[in-house]
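Contents: one structure, followed by commentary.
The values are calculated or read from the model by the stated rules, or taken from the named source; none is laboratory data. Fair warning: this is a prediction, and the values are worked out from it, not measured in the lab. For neighbour counting, all protein chains shown are included, and Cβ atoms are generated from backbone atoms with ideal geometry for every residue, glycine included.
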């Protein structure tokens, strides 16, 4: 059986754990602990190592979903998880612009360690005053039309999460096709 590893990353409370819980066929393995730092301003518990969920994609393929912790003090886990990833999604809470710089830091961290395809997932777009995709991309450092695909995702809705997972798999397949295509000379 083929296993595809997808990493879900982003700042604290962007929706990573909820994203995985929404589509996992197994009970999610989590390492949630009581928040003791600035994360407790957003939620009571926080991920300290990773979340793990599984989704049978076809009879011969399973998706393993790994959620990273949001705090930089656990960035050693980011490093471990991204090295084996086939693709990853960066979740960004569209209504919290004060976190965009930190999301950019996570994105830079991941890109330095992996060439895996990335998708930007905008969460909390239903909250008051969300930023639009174009401005979030600028905040993430994308100043040209060359940027990863962006998708709005509601981590509490399995259909929305499934749609973003499918987009991420498509991104991965397209990247593999471009690697295996012979150059035209």
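Details
- Tally, over segment 138-169, of residues that are assigned to a loop (DSSP other than H, G, I, E, B) and over 19 Å from residue 21 (Cβ atoms): 10
- When segment 80-101 is filtered for residues that are in a helix (DSSP H, G or I), touching a helix residue (DSSP H, G or I) at 6+ places or on another chain (Cβ under 8 Å) and closer than 23 Å to residue 156 by Cα, the ones remaining, listed by number, are 97, 100.
- Index of the failed condition, residue 116 passing every other in (1) crowded, with 16+ Cβ neighbours inside 10 Å; (2) part of a helix (DSSP H, G or I): (2)
- Applying the criterion of being outside any strand (DSSP E or B) and in contact with a strand residue (DSSP E or B) (Cβ under 8 Å, 6 or more places away or on another chain) to the residues of segment 53-73, the residue that is surrounded by the most Cβ atoms within 10 Å (Cβ to Cβ) is 68.
- With respect to the conditions (1) in contact with a strand residue (DSSP E or B) (Cβ under 9 Å, 6 or more places away or on another chain); (2) closer than 16 Å to residue 171 by Cα, residue 146 lacks only one, and its number is (1).
- Checked against (1) under 27 Å from residue 163 (Cβ atoms); (2) at pLDDT below 90, residue 60 meets all criteria but (2).
- Flag for residue 130 being within 18 Å of residue 19 (Cα to Cα), at pLDDT 95 or above and part of a loop (DSSP other than H, G, I, E, B): no
- Each residue in segment 104-113 was checked for being within 18 Å of residue 146 (Cα to Cα) and either part of a loop (DSSP other than H, G, I, E, B) or in contact (Cβ under 8 Å) with a residue 40 or more places away in the chain (or both), and 1 pass.
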